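The values are calculated or read from the model by the stated rules, or taken from the named source; none is laboratory data. Keep in mind that this is a model prediction, so the values were computed, not measured. Here the Cβ is made from the backbone with ideal geometry for all residues, glycine too, and neighbour counts use every protein chain on show.
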Amino acid sequence: MHMKRCRKCGAPLSISRVRKWNSDGTSTSRFSDSGARFCQIECDEMRCIIEGISSCVGHSIENLQIDCQRKAARSSMDKYLSGAHGLAGSWARTRVVGWPLSARAMNATGVGLGQGYTEMLAHEKGRMCRFRVWHPYCAPLLVGDLWGMFEALNNFTVEAIWVEEGDSITVTLEKVKDDLVWEDPFRRPLKKMPTLPGEVKFDRCERCGVPREFTRSIEWDIRRGIANNRITGRREATIVVEALNAVVGELTVEAGDMVPRALCEIEQDYITGVMGDIALPNTVREYRMLLDEMRVQGMGNPVDVRKEGDVLTVRVDNPFSEPLLAGKVAGYYQVLEHAGPRVTWTSADEGYTMIQAWPA
């Protein structure tokens, strides 16, 4: 596959066309008028979260994950294809020329975001489409992405069937109803997150505008649709924050506060596992260096890091997920202090969360 890259920094141009980095520590979609949030996350980390929460609630959450991702993809794409965007929607929704070319554009976007390589196996105008995705970043999220985008591009409701086969997944989408219809439109809402202003500055590529802090750390394997972190060697991908939070919200209603607490513990275990026995000084400066990576990842803006005795206090403006960030802080604390911590966090209803960690 030939993919256009920025001639200055080498980033796939599909990234700058889809994603923007803001001065408040968030990263948002250029496709959505509502500014749906993106963040960068390790693929193994996402799988650990899904498996861990499934174990916590006693059943698989894959279908819930698919449905929330479908809603996010469909909402974002439908807004982009609305009349406010002129000819873009009319062209993309033409089923003879627009849809096959739109499928190619979807593949370019997925490759740039590290989500896998997509090929269209079959297409029957106005009725069905079948895709195979090689090296999918996360099967439930991928199915939801394709499902929601196909519905929005065709302006009808479909059913999806998918089969995982080794390093690939085949997704078949077939029309069931005219127009975009939700069976239960009030379930699993995608909530717009409050944001506070910030003064985050990135070293941006003068040509495409993508932060060099991002492009310096990522290496793209275009043929496989994989984005690997050059420093850690681990695969990363871009996910939709609101879809993740919709899953957590739904499960919290179902199972109670054990869900966010479990999410924090799952993230803490993941962080301590990947960091291993690395020796780092337990200084405020070191904590700040670790937490500063959140900004380019789109996870939020750590504006204050303090340590009084054994108590670490962190304020994060515009957090993407309070329990996951608390888990990160707890994991860093365990590695740097060589002690398992207790951790608390506050709700981000006012645009920020306060996280504290201290020896258990």
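Things to note:
- Pick from the stretch 103-129, criterion of a type outside the set (A, V, I, L, M) and part of a strand (DSSP E or B), ranking: surrounded by the most Cβ atoms within 10 Å (Cβ to Cβ): 118
- Scanning the stretch 171-184 finds no residues that are farther than 18 Å from residue 36 by Cβ and within 20 Å of the chain's Cα centre (by Cα).
- Residue 238, sole failed condition from (1) of a type in the set (Val, Ile, Thr); (2) under 24 Å from residue 195 (Cα atoms); (3) outside any strand (DSSP E or B): (3)
- Residue within the stretch 188-206 that is closer than 17 Å to residue 28 by Cα, exposed (fewer than 15 other Cβ atoms within 10 Å of the Cβ) and within 16 Å of the chain's Cα centre (by Cα) present: yes
- Residue count, the stretch 309-360 (criterion: assigned to a loop (DSSP other than H, G, I, E, B), out of contact with any strand residue (DSSP E or B) (no Cβ under 7 Å at 6 or more places or on another chain) and more than 21 Å from residue 243 (Cβ to Cβ)): 4
- Listed here are the helices (runs of 4 or more DSSP H) enclosed by the stretch 42-102 that have at least 1 residues being at pLDDT 65 or above: 43-57, 62-80.
- Within the stretch 148-161, none of the residues are more than 23 Å from residue 249 (Cβ to Cβ), in contact with a Phe, Trp or Tyr (Cβ under 7 Å, 6 or more places away or on another chain), modelled with pLDDT of 90 or more and part of a loop (DSSP other than H, G, I, E, B).
- All conditions but one from (1) over 15 Å from residue 269 (Cβ atoms); (2) aliphatic (A, V, I, L, M); (3) over 20 Å from the mean Cα position of the chain (by Cα) apply to residue 343; the one that does not is (1).
- Residue match in the stretch 249-270 (condition: within 30 Å of residue 205 (Cα to Cα) and either without any contact (Cβ under 8 Å) to a residue 12 or more places away in the chain or not charged (D, E, K, R) (or both)): no
- Residues in the stretch 9-20 include none that are touching a residue at least 60 places away in the same chain (Cβ under 8 Å) and touching an Asp or Glu at 6+ places or on another chain (Cβ under 8 Å).
- Among all positions in the stretch 124-131, there is no residue which is out of contact with any Ser or Thr (no Cβ under 9 Å at 6 or more places or on another chain), within 25 Å of residue 4 (Cβ to Cβ) and not small (Gly, Ala, Ser).
- The stretch 219-235 residues that are under 14 Å from residue 138 (Cα atoms), paired with ones that are of a type in the set (Lys, Arg) (beta carbon under 8 Å, 6 or more apart): 226/235; 227/235
- Within this structure, residue 285 fails the test of being under 18 Å from the mean Cα position of the chain (by Cα) and loosely packed, with under 15 Cβ neighbours inside 10 Å.
- Members of the stretch 62-80 that are crowded, with 22+ Cβ neighbours inside 10 Å and of a type outside the set (Ser, Thr, Tyr): 64, 65, 66, 67, 68, 69, 70, 71, 72, 73, 74, 77
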